[in-house]
Structures are given as C-alpha cells and as structure tokens.
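The values are calculated or read from the model by the stated rules, or taken from the named source; none is laboratory data. Predicted model only: the values in this text are computed from it and were never measured. FYI the Cβ positions are ideal-geometry reconstructions off the backbone, even for glycines, and counts take in every protein chain you see. Only protein heavy atoms, including side chains, enter the accessible area calculation; ligands, DNA and RNA are left aside. Shrake-Rupley method; radii C 1.70, N 1.55, O 1.52, S 1.80 Å.
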Amino acid sequence: MLFRSDITNVHNENAMLKESNLTLGQNIRREENRIRSTYEKLISGSLQYAQDKDPHISGHLRRVSNYTLLLAKQIRLMGQYTDILTDSYVEVLAKVASLHDIGKCFLSDEALENIAQTNEEKNLQKSHVTLGSRLIDRMVVNNPDNLYYRLAKEVVLDHHEWWNGNGYPNGLSKEEIPLSARIVAVADTFDKLTDKTLAKARSFDEAFNIIISFSGKQFDPIITAAFMAAKLKLQTLY
C-alpha cells in the first residue's frame with residue numbers, strides 16, 4: 001500500500017509539473033509575441049515617418065528589405081554562414097533592413113539632395129549612420145541579446161563599412177563588419193544604382209556588373225557570390 005501511495009504521489013507530481021511547464025511555455029510564447037509586435041510597430045512607425053519626409057523613399061526601403069531577404073536565403077542555400085543565418089535571424093534582418101537609412105530623417109533636404117563637395121558636407125551626409133544608431137538606442141531597449149535591437153543597430157551603423165576597410169564610420173574591415181550590415185550593403189547599393197526615380201539610374205545588367213566588380217573591395221566576396229547565384233531571382237524582384 002505504501003508503494004502504491006508513493007507511485008500515485010509521483011504520478012500526481014509529474015502531472016502537475018507537466019501542466020506547470022505547459023502554462024509556462026504558453027506565457028513565454030505570449031510574451032515573445034507581445035515583444036515582437038511592439039518592435040514591428042516601432043519599425044512601421046519609423047518607416048511611416050521616413051515616408052512622410054520623403055514620399056519616394058518607401059519604395060527604396062521596401063526593395064532593400066526584399067533584396068536582403070533574397071540574399072540571406074541564397075547565402076544559406078550555398079552553405080555559407082549557416083551558424084548565423086537561422087530562420088529567426090533571416091526574418092528579423094529582412095524587417096530591420098528597411099531601417100538602414102533612418103538617420104537621414106535628421107538631415108535637411110538640402111544636405112541630402114546636394115552633391116557633397118567639401119569635407120564638411122561629406123561628413124554631414126555620413127552622419128546619418130550615427131544619428132540613426134542613436135535613434136535605435138532610444139527606440140529599443142539596449143540589449144545585445146535582443147535580436148531586433150542587435151540587428152537594427154548593426155544595419156543602421158555599419159552598412160557603409162567596406163570589406164577592404166575604406167568605409168565609414170569606423171573603418172571596419174572583413175568580418176569585423178557584422179554579417180547583417182554586409183548583406184544590407186549589397187542590397188542597398190544595388191537598389192540605389194537601379195532606382196528608376198533617379199536621373200542616373202543604371203540598367204539591371206550595369207548595376208549587376210558594378211556590384212560584382214566591387215567584390216573583395218566594398219563587398220564580402222561570399223555575399224557577391226550569392227548575389228551572382230541569385231541573378232534570375234533578382235531580375236524577378238527588379
């Protein structure tokens with residue numbers, strides 16, 4: 001009888017533990033969904049603000065997000081950076097990629113439209129990456145373990161760094177540059193080259209060849225290889 005009683009108690013305790021774990025799992029998922037929704041609203045609000053300032057920018061931001069998603073998937077398909085490019089990483093990266101130029105909202109139209117001639121004008125235009133980075137710090141809780149915060153910060157601050165170290169703002173090189181920023185750099189440059197709202201828009205083939213010519217200089221060679229491999233898919237998005 002004592003043995004049966006012990007077995008019954010253990011069974012009841014296991015049932016209670018399973019129920020507790022189930023409730024805990026549901027609460028965790030609920031909290032994760034709430035946090036995800038909050039960050040997505042912040043992103044959406046920021047993009048709306050950018051669009052209000054420049055009605056033409058929404059198309060650019062959307063396309064950069066699409067190109068980023070395509071490149072990240074292609075890189076993973078080729079077996080590169082698979083330890084980093086998890087499903088959640090790729091999903092969040094595609095969303096925050098559209099924030100890459102959010103710092104330009106703090107610059108005047110004159111500063112953005114004029115072709116920079118002096119060092120002072122060039123530095124003013126370059127400041128959009130640090131201004132955007134500060135905005136991310138204010139929008140999102142500063143927590144490197146938070147994927148939304150980390151990737152948004154990397155993309156905004158480092159998408160103008162060059163593989164050979166000649167970029168800005170910190171002259172990072174090669175894998176010192178976060179993977180997220182290296183992917184967005186290719187997506188951003190390609191779309192700026194082909195943006196049909198600009199007078200000097202290049203054809204698809206011209207822009208494609210320019211990106212490839214800067215492999216190992218401005219861009220990570222692995223990412224430009226993925227860019228080449230995804231040519232037909234890029235043409236469809238283009």
### Amide proton proximity set for Asp195, modelled H, under 5 Å, gap of 5+
Arg202
### Query
Is the shape of the range 130-238 best called rounded, prolate or oblate, per the rule: a/c under 1.5 gives rounded, else a/b larger than b/c gives prolate, else oblate, with a ≥ b ≥ c the square roots of the Cα gyration tensor eigenvalues?
prolate
### Placed amide H near Glu161: partners under 5 Å, 5+ positions off or other chain
Tyr168
### Query
In Å², what does the accessible area per residue of the range 151-211 work out to with a 1.4 Å probe?
42 Å²
### Message
Rounded to the nearest 20 debye, what is the charge dipole size of the range 116-238 about its Cα centre when +1 sits on each Lys and Arg Cβ and -1 on each Asp and Glu Cβ?
### Response
220 debye
### Query
Using 0.36 nm per residue, how much length does the chain from Lys174 to Ile222 gain when fully extended, once their Cα-Cα distance is taken away?
16.2 nm
### Query
Rounded to the nearest 10 Å², what accessible area does Asp158 show when all protein chains are kept and the probe is 1.4 Å?
10 Å²
### Query
Under a 5 Å amide H to amide H cut-off, with H placed in plane at 1.01 Å, what residues pair with Ser215 once short-range neighbours are removed?
none
